[in-house]
1. List nothing, just return the count: lysine pairs in region 153-287, 8 or more apart or interchain, with Cα separation under 25 Å.
2. Taking each pair of distinct Cα atoms in region 108-157 once, what is the resulting Kirkwood hydrodynamic radius in Å?
3. Quick one: the Cα spread of region 57-99 along its three principal axes, in angstroms, biggest first?
4. Which values, in whole Å and largest first, are the semi-axes of the equivalent ellipsoid of region 23-69 obtained as the square root of 5 times each eigenvalue of the Cα gyration tensor?
5. For region 168-287, what percent of Cα pairs sit more than 18 Å apart?
6. What does region 158-237 give for Rg and for Dmax, in Å, if only its C-alpha atoms count?
7. Once all Cα-Cα distances of region 104-218 are split into 5 Å bins that start at 0, what whole-number percent is in each one?
8. Please sort by residue number the chymotrypsin sites (Phe, Trp or Tyr not before Pro) in region 113-161 whose DSSP state is loop and whose Cβ has at most 16 other Cβ atoms within 10 Å.
Amino acid sequence: MDWTNKKSVIRMDGNKFRTYLRSTPRNYSVIIMLTALQSQRQCSVCRQANDEFQILANSWRYSQQFSNKLFFAMVDYDEGADVFTTLKINSAPVFMHFPAKGKPKKGDTMEINRLGFAAEQIARWIAERTDVNIRVFRPPNYSGTLALALLFSLIGALLYLKRNSLEFLYNKTSWGVAALMIIFAMTSGQMWNHIRGPPFLHKNPHNGQVHYIHGGSQGQFIVETYIVIFLNAAVVIGMILLNEANSMKGDASKKKAVALGGLACVAFFFSVLLSVFKAKYHGYPYR
């Protein structure tokens, strides 16, 4: 079979799946994505995974190492529901490797909850299963460069307008807020999101239940990082209130109210933060 002149990702239905992936013998391996891209399925994660899958497939299709030993394919649920039934798959997206010889094993299904579905992660998983190393080439994205240029332009304009009054550069509060924003971003897992490319959240396709917190310690959702940022910020605000209450002058009842508010804020939001931690690390508290 010659798919060399075909598209980077070959669309399959049930008949093509049985013909090219279930029949033997084969002299090629196939990485297949089972997904649900139709709008009525409301699978935003599927669209994100499809974009990454297309990037990886194009990187392989137009690389110098390209050969007929490995192909990329996809089955949409609305075009091949029988394939999902045959493979006993009840969620999407799913990435599977069909080797040239034998049937897929447990490791031939990618654990996207743990690894994510960024093109680079899929490429590493493929290298483990097939010994084929794919170098990922992403199309140019100038949005980051433009945003950085705009940021420096705004900073330059602000410094120019305030050139006769630069006392704000010595404002401890401003520098403290900036430092806290960086700390919140780093401790919430933003860099992990950037590297792994996890889904924004997870919606169960059967009962429609939405999950905002990943159930395992090896993964997270993007919305989960926002929740952690909010909880950490709330705890910090509570600590600031406690500190301010100690240094306030004047009415004792006001100082007491501020202190109790800060204490309640720390106690409540820190307990919620521990609950999130316990939900992800099921052995907590450790003994």
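The values are calculated or read from the model by the stated rules, or taken from the named source; none is laboratory data. All of these numbers come straight from a predicted model, not from anything done at the bench. Note that each Cβ is placed from the backbone with ideal geometry, even for glycine, and that neighbours are counted across all protein chains shown. For the accessible areas, the whole protein counts, side chains as well, though only heavy atoms, and no ligand, DNA or RNA atoms are used. Shrake-Rupley method; radii C 1.70, N 1.55, O 1.52, S 1.80 Å.
1. Numbers: Lys162/Lys172; Lys172/Lys249; Lys172/Lys255; Lys203/Lys278; Lys203/Lys280.
Taking region 153-287 as the scope, the lysine pair count is 5.
2. Numbers: mean 1/r = 0.0732 Å⁻¹.
Taking every pair of different Cα atoms in region 108-157, averaging 1/r and inverting gives 13.7 Å.
3. 37, 19, 14
4. Details: eigenvalues 137, 52, 6 Å².
Largest first, region 23-69 gives 26, 16, 5 Å.
5. On the way: 4589 of 7140 pairs.
Value for region 168-287 (Cα pairs over 18 Å): 64 percent.
6. Taking only Cα atoms of region 158-237, I get Rg and Dmax of 18.3, 63 Å.
7. Result, from short to long distances: 2, 8, 10, 14, 14, 13, 11, 9, 7, 6, 4, 2, 1, 0 percent.
8. Working: sites: Phe117, Trp125, Phe137, Tyr142, Phe152, Tyr160; in loops: Phe117, Phe137, Tyr142.
Taking region 113-161 and a limit of 16 other Cβ atoms within 10 Å, the loop chymotrypsin sites (Phe, Trp or Tyr not before Pro) found are Phe137, Tyr142.
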